[in-house]
Structures are given as C-alpha cells and as structure tokens.
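Visitor: Pasting a structure here, questions to come.
The values are calculated or read from the model by the stated rules, or taken from the named source; none is laboratory data. Keep in mind that this is a model prediction, so the values were computed, not measured. Note: ideal-geometry Cβ built from the backbone for every residue, glycine included; neighbour counts use all protein chains shown.
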Amino acid sequence: NAGVMQNPRHLVRRRGQEARLRCSPMKGHSHVYWYRQLPEEGLKFMVYLQKENIIDESGMPKERFSAEFPKEGPSILRIQQVVRGDSAAYFCASSQLAGRPYEQYFGPGTRLTVT
Amino acid sequence: TQLLEQSPQFLSIQEGENLTVYCNSSSVFSSLQWYRQEPGEGPVLLVTVVTGGEVKKLKRLTFQFGDARKDSSLHITAAQPGDTGLYLCAGQFYFGTGTSLTVIP
C-alpha cells in the first residue's frame, strides 16, 4: 500500500492524558500537512512540515499541540493534556517536493475521542 | 486566513439529474483543488485547476476555474448514487465549507 498511512485509526484518551498521532507520507513525498475536522465542519489547517522543519504552523493552537517530522520515521502530532474539545478527526496529507505542492493526498484519519 | 465559501451546503437530488456546486472567495489563488470525501475516510483529490477560465472534465464531472482565479464550479451530469459524498474545494491549505451531496436512486 503506497498511500498515506495514519495510526491509530481510533484513539480514546481520558482528559489530561497525551495523544500521539502518527502519519507516514506517500513514498517520495516530503511535505506533510495536518488537519482537524469536527462533525459538520470542514477541514481546518493546523501545520505544514517538511523533513526536520516546520514550515507553517499558523493553524496550530498555541498550547498543548506540537508536531514534528523527523529525518527518519513518521510525522507525529502530539496533543498534551487532552480536553473534550480536542475530540475530532485528525487527517494527515502529503505532497511531492516539486510540481504542484498543493495537490495533497490524504490518509484515512485518526478519530480521537476524549472521555 | 483565506476563506472559501461553498454553496449549496446540502444538496439532495434524484438519480439522473444534473447539479452544480460553487466555490467562492475574495482572494486570488494560484490553483484550486477539488476533493470528494466519503464518511469515515479522508478526502480524495479529484482535480486541480490552475489557469483562469480553465475547464477540466473528468467523465461526468466538469470543473471550471473563474477568470479571476477567485472562484470555481463543479458540474455533475446525470448524477448517480455513487456520486454521493462531501465535495470540498481547496486553495493552498484552506478548505471550503463543503457541499454534502446525496443522490437518491
């Protein structure tokens, strides 16, 4: 399967715990994007990363949220001290280095439920 | 933030009918993408439009980019139940509000 992979697909956390969401981009893609989608709402941009660099984090909440895309391994979206309002579907997308960077290929998402 | 507004928000039609979905913005985009999302899945890229006035066809789907590159439309001819889904336009990192289409057999 050469598509974007996300895991876990479903994640349940109690308030105050940490959530770690993983994303492996498509082979050959070096740009990764994270989005959040609430029920009945569109996709909200969170952060754009390249290997070892955060390019744009203008959509990322200032506290408790962080993202990384290390030289080796998947991209990680980390949410510390989760609250009920963090419950949502989190999608990762990737795109190629050259050509049309805004043509994004999405993973299946991680559905986070905070109890 | 560059806002992309889509209309209508919801659309329910009979199989075989035609429909048009609109995506409008006050900002100019170098390109716009259209995606379709099914429940429980991530969006799937349908097309990219780049040039003002450009028209692209994908089987029964016709996409148009406005001359000023601020708006786009998606026209579906003879809709089928398999077309049911959430249609999203996007420019850079900004996604539209979405149009939820239901095609009734």
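Visitor: Please verify whether A:PRO70 is surrounded by 17 or more Cβ atoms within 10 Å (Cβ to Cβ), assigned to a loop (DSSP other than H, G, I, E, B), in contact with an Asp or Glu (Cβ under 7 Å, 6 or more places away or on another chain) and not hydrophobic (A, V, I, L, M, F, W, C), treating the condition exactly as stated. Give the derivation first.
Guide: Details: surrounded by 17 or more Cβ atoms within 10 Å (Cβ to Cβ): no; assigned to a loop (DSSP other than H, G, I, E, B): yes; in contact with an Asp or Glu (Cβ under 7 Å, 6 or more places away or on another chain): yes; not hydrophobic (A, V, I, L, M, F, W, C): yes.
So A:PRO70 does not fit the description; no.
Visitor: For the stretch B:13-29, which residues satisfy the criterion of being closer than 19 Å to B:PHE63 by Cβ, of a type outside the set (Val, Ile, Thr) and in a loop (DSSP other than H, G, I, E, B)? Full working, then the answer.
Guide: Step one: filter the stretch B:13-29 for residues closer than 19 Å to B:PHE63 by Cβ, giving B:13, B:17-25, B:27-29.
From what is left, the residues that are of a type outside the set (Val, Ile, Thr) are B:17-19, B:22-25, B:27, B:29.
If the condition is that a residue be closer than 19 Å to B:PHE63 by Cβ, of a type outside the set (Val, Ile, Thr) and in a loop (DSSP other than H, G, I, E, B), then B:GLU17, B:ASN18, B:SER25, B:SER27, B:PHE29 are the ones that fit.
Visitor: Still on this model: Any residue in the stretch A:89-100 that is within 11 Å of chain B (Cβ to nearest Cβ), assigned to a loop (DSSP other than H, G, I, E, B) and free of Cβ contacts under 8 Å to residues at least 12 places away in the same chain?
Guide: Among the residues of the stretch A:89-100, at least one is within 11 Å of chain B (Cβ to nearest Cβ), assigned to a loop (DSSP other than H, G, I, E, B) and free of Cβ contacts under 8 Å to residues at least 12 places away in the same chain, which makes the answer yes.
Visitor: Kindly indicate which of A:ARG78, A:ARG111 is assigned to a strand (DSSP E or B), of a type in the set (D, E, K, R) and in contact with a Ser or Thr (Cβ under 8 Å, 6 or more places away or on another chain). Steps first, please.
Guide: Numbers: A:ARG111 fails: in contact with a Ser or Thr (Cβ under 8 Å, 6 or more places away or on another chain).
Selected residue: A:ARG78, the only one of A:ARG78, A:ARG111 that is assigned to a strand (DSSP E or B), of a type in the set (D, E, K, R) and in contact with a Ser or Thr (Cβ under 8 Å, 6 or more places away or on another chain).
Visitor: Sticking with this structure for a sec: Name the single residue that is farthest from B:GLY42 (Cα to Cα) among those in the stretch A:52-67 being away from chain B (no Cβ under 14 Å) and either touching a Phe, Trp or Tyr at 6+ places or on another chain (Cβ under 6 Å) or in a strand (DSSP E or B) (or both).
Guide: If we filter the stretch A:52-67 for residues that are away from chain B (no Cβ under 14 Å), which is where we start, we get A:52-53, A:61-66.
Next, from what is left, pick out any that are either touching a Phe, Trp or Tyr at 6+ places or on another chain (Cβ under 6 Å) or in a strand (DSSP E or B) (or both): A:53, A:65-66.
Details: A:ASN53: 24, A:PHE65: 21, A:SER66: 22 Å.
This residue is A:ASN53.
Visitor: I would also like to ask the following. Quick one: in the stretch B:67-81, of everything that is modelled with pLDDT under 95 and not acidic (Asp, Glu), which residue is surrounded by the most Cβ atoms within 10 Å (Cβ to Cβ)?
Guide: Among residues in the stretch B:67-81 that are modelled with pLDDT under 95 and not acidic (Asp, Glu), the one surrounded by the most Cβ atoms within 10 Å (Cβ to Cβ) is B:ARG69.
Visitor: Please enumerate the residues belonging to the stretch A:25-51 that are touching a residue at least 60 places away in the same chain (Cβ under 8 Å), out of contact with any His (no Cβ under 9 Å at 6 or more places or on another chain) and not in a strand (DSSP E or B).
Guide: Across the stretch A:25-51, the qualifying residues are A:MET26, A:GLY28.
Visitor: Out of (1) under 15 Å from A:LEU11 (Cα atoms); (2) within 14 Å of chain B (Cβ to nearest Cβ), the odd one out for A:ARG84 is which?
Guide: Checking A:ARG84 against (1) under 15 Å from A:LEU11 (Cα atoms); (2) within 14 Å of chain B (Cβ to nearest Cβ), the one that fails is (2).
Visitor: Given the residues B:GLY66, B:GLY85, B:GLY52, B:GLY98, which is the only one that is at the interface with chain A (Cβ under 9 Å from one of its Cβ atoms) and not hydroxyl-bearing (Ser, Thr, Tyr)?
Guide: On the way: B:GLY66 fails: at the interface with chain A (Cβ under 9 Å from one of its Cβ atoms); B:GLY85 fails: at the interface with chain A (Cβ under 9 Å from one of its Cβ atoms); B:GLY52 fails: at the interface with chain A (Cβ under 9 Å from one of its Cβ atoms).
Sole residue among the options that is at the interface with chain A (Cβ under 9 Å from one of its Cβ atoms) and not hydroxyl-bearing (Ser, Thr, Tyr): B:GLY98.
Visitor: So is A:ALA2 part of a loop (DSSP other than H, G, I, E, B) and within 21 Å of B:GLN33 (Cβ to Cβ) or not? Can you show your working first?
Guide: Numbers: part of a loop (DSSP other than H, G, I, E, B): yes; within 21 Å of B:GLN33 (Cβ to Cβ): yes.
Judged against the criteria, A:ALA2 is a match.
Visitor: Sticking with this one: Looking at (1) under 22 Å from B:GLY98 (Cβ atoms); (2) touching a strand residue (DSSP E or B) at 6+ places or on another chain (Cβ under 6 Å); (3) at pLDDT below 95, which one does A:PRO101 not meet, given that it meets all the others?
Guide: Here A:PRO101 meets the rest and fails (1).
Visitor: Let me ask something else about it. When only residues in the stretch A:33-62 that are surrounded by fewer than 14 Cβ atoms within 10 Å (Cβ to Cβ) and within 18 Å of A:LEU112 (Cα to Cα) count, which is modelled with the lowest pLDDT?
Guide: A:GLU40
Visitor: Mind telling me which of the residues B:LEU3, B:LEU101 ends up being surrounded by fewer than 18 Cβ atoms within 10 Å (Cβ to Cβ) and touching a residue at least 60 places away in the same chain (Cβ under 8 Å)? Spell out the reasoning first.
Guide: Numbers: B:LEU101 fails: surrounded by fewer than 18 Cβ atoms within 10 Å (Cβ to Cβ).
On inspection, the qualifying residue turns out to be B:LEU3.
Visitor: Residues of the stretch B:10-43 being within 13 Å of chain A (Cβ to nearest Cβ), of a type in the set (Ser, Thr, Tyr) and surrounded by fewer than 16 Cβ atoms within 10 Å (Cβ to Cβ), which ones? Don't jump to the end; show me each part of the working.
Guide: Residues of the stretch B:10-43 that are within 13 Å of chain A (Cβ to nearest Cβ), as a first pass: B:10, B:23, B:29-43.
Retained after the next criterion (residues that are of a type in the set (Ser, Thr, Tyr)): B:30-31, B:35.
B:SER30, the sole residue that qualifies.
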